[in-house]
Amino acid sequence: MLPLLLLALTARADSETLLGPDGPSWKAFSGRGYLEVRGSWTDADGTHWQLSERLRPSGSVAVSDRLSLHGTVEASVLQGRHAPDEARAVLEQGVIDGSGFDSLDRALEVVGCTLDTERRYDSVGDVVTLDRLHADLNLPAVDLRLGRQAVSWGSARVFNPTDVFAEYILAEPWRERAGVDALRALVPIGERASITAVGGFDDLPLEIRQARDEALPDEWQALAWKGGLRGTLLTGPVDVSMLAFHHRSGQLHRDLVGLDLRGDTELGWWVEAAWDGSLSTTDASFKGDPKLAVGVDYSFDLLQSLYVSAQLIYDGSGASPAAMDHLARSSSNLSYGLDCGDGEPPSLLPLPDPGIVTPIDPYRATFGRAYALLIARQTVTNEWTVDLTTLVNLEDGTGLIFPSTTVNVGGHLALSGGVQVLAGKDGEFQPPEEALIDGSFDYNPLVPRWTALTWARFSF
């Protein structure tokens, strides 16, 4: 809808320039995409295997020399291991062991709650999503992009303090960034500077938006948006960017200011820093946190090439090892399947209140403060690469090790395989056993020891 509106407005403003005197001059349609099948085997209790299939075609069409339309559709289905189902099984065992009920369903019936963790494909919308749909308008003074698009800011690897549309995809190298409904404007200033403005709607997952809205007065529910400015200056060997951003979601105001420095001679380096503050209008409380990522990278002449990147990350909003709530993370898969009407979950069921947004930040899969990230890619031949990614929590010594390899066959088919291993003991990635026990409820079976993955992608 937004790209069509932009098309109408631009055609009305300058129909001769954009569409030509004789009407639209449509260029040839171009398309691409891929079909992917991915499988995994997880060393944890419950269902071990998981299989997913994704079809992701993309297309674009040039309406004129200045205006083009772009879209991407994704269809995906998933079978096998489903985290909410595994959490439900743990919950049922705890109810049977600790409450005297012979089943979880009976306990829920008595306390007046329901718990739905079933994976459902009841409609086309459960399988097919419109992940990109935007229009690009290139004018002499400004480049505009309107519609659902990927927005990514920052020079650092994986963890970007200045990226307010951040996503964590370290453990999912096959996944693209989610689309955001936004307007982005890029204004060049001479040949060495530019200003980028972006404004978009709140991109929280649907179930979290619904839970938040149910807990807020009507006048607050629609107030969920983001907007900011980023200025960039190329000063020779260093790129300098400064930014300011505001995010309003319900009764929470978030303001972020940041600095991003990037240099690249023989040794690449970057410093990305931000101050991220939030103000709650319900109790006038303010909380601000510094965030920092510092890193270097270099390419060696070994075989085809060896690329190595090392980075240190600090996030003041994270928790120390002593303050980390491992139990809340383990039970969070049940947060939105539980329905107790207008009441809160009884003490019999140790779950978060489904009417309040979970305390687990949906944009991050790490919850500590200080990390080291090492990424290495060995290009053995033009068709074969070997990767190693290692992330370590520097405060507790636990981490994630992810070696993988990819082989390209015939230019269209890529075959990959790898294993994710959780290393260390008694920390974020491998919690202490006692930290995942709440009375008769033991969430330790939900923690995987390792996960083997393989995927095939055919690009067209």
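So the values come out like this:
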{"quantity": "Test for Leu9: is it at pLDDT below 95 and out of contact with any Leu (no Cβ under 6 Å at 6 or more places or on another chain)", "calculated": "yes"}
{"quantity": "Boolean, Gly125 is buried (at least 20 other Cβ atoms within 10 Å of the Cβ) and not aromatic (Phe, Trp, Tyr)", "calculated": "no"}
{"quantity": "Hey, Arg145 at pLDDT 85 or above, over 28 Å from Arg457 (Cα atoms), in a strand (DSSP E or B) and out of contact with any Phe, Trp or Tyr (no Cβ under 9 Å at 6 or more places or on another chain) or not", "calculated": "yes"}
{"quantity": "Residue among Val95, Val77 that alone is buried (at least 16 other Cβ atoms within 10 Å of the Cβ), aliphatic (A, V, I, L, M) and either touching a residue at least 24 places away in the same chain (Cβ under 8 Å) or over 30 Å from Leu139 (Cα atoms) (or both)", "calculated": "Val95"}
{"quantity": "Tally of residues being over 21 Å from Leu234 (Cα atoms) and part of a loop (DSSP other than H, G, I, E, B) across the range 152-203", "calculated": "20"}
{"quantity": "Some residue of the range 314-334 being surrounded by 18 or more Cβ atoms within 10 Å (Cβ to Cβ) and either among the acidic types (Asp, Glu) or modelled with pLDDT of 90 or more (or both)", "calculated": "yes"}
{"quantity": "Some residue of the range 170-183 being modelled with pLDDT of 90 or more, over 20 Å from the mean Cα position of the chain (by Cα) and either within 30 Å of Pro140 (Cα to Cα) or of a type in the set (Val, Ile, Thr) (or both)", "calculated": "no"}
{"quantity": "Long-range neighbours under 6 Å by Cβ, at least six apart or interchain, first residue under 22 Å from Ala370 (Cα atoms) within the range 264-279, second of a type in the set (S, T, N, Q)", "calculated": "Trp270/Ser155; Glu272/Ser155; Glu272/Thr162; Ala274/Thr162"}
{"quantity": "Identity of the residue in the range 278-313, at pLDDT 95 or above and among the hydroxyl-bearing types (Ser, Thr, Tyr), that ends up farthest from the chain's Cα centre (by Cα)", "calculated": "Ser305"}
{"quantity": "So Glu36, is it closer than 25 Å to Arg175 by Cα, among the acidic types (Asp, Glu), surrounded by 15 or more Cβ atoms within 10 Å (Cβ to Cβ) and at pLDDT 95 or above", "calculated": "yes"}
{"quantity": "The listed residue being over 26 Å from Thr379 (Cα atoms), more than 22 Å from the chain's Cα centre (by Cα) and buried (at least 16 other Cβ atoms within 10 Å of the Cβ), out of Asn393, Asn444, Asn408", "calculated": "Asn444"}
{"quantity": "Members of the range 184-206 that are modelled with pLDDT under 70 and surrounded by 15 or more Cβ atoms within 10 Å (Cβ to Cβ)", "calculated": "Asp202, Asp203, Leu204"}
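Conditions (1) among the small types (Gly, Ala, Ser); (2) at pLDDT below 75; (3) buried (at least 16 other Cβ atoms within 10 Å of the Cβ); (4) farther than 27 Å from His70 by Cα, marked per residue:
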| position | (1), (2), (3), (4) |
| --- | --- |
| Asp218 | no, yes, no, yes |
| Ala224 | yes, yes, yes, no |
| Leu233 | no, no, no, yes |
| Leu252 | no, yes, yes, yes |
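The values are calculated or read from the model by the stated rules, or taken from the named source; none is laboratory data. Fair warning: this is a prediction, and the values are worked out from it, not measured in the lab. Glycine gets a Cβ as well: all are built from the backbone with ideal geometry, and neighbour counts include every protein chain shown.
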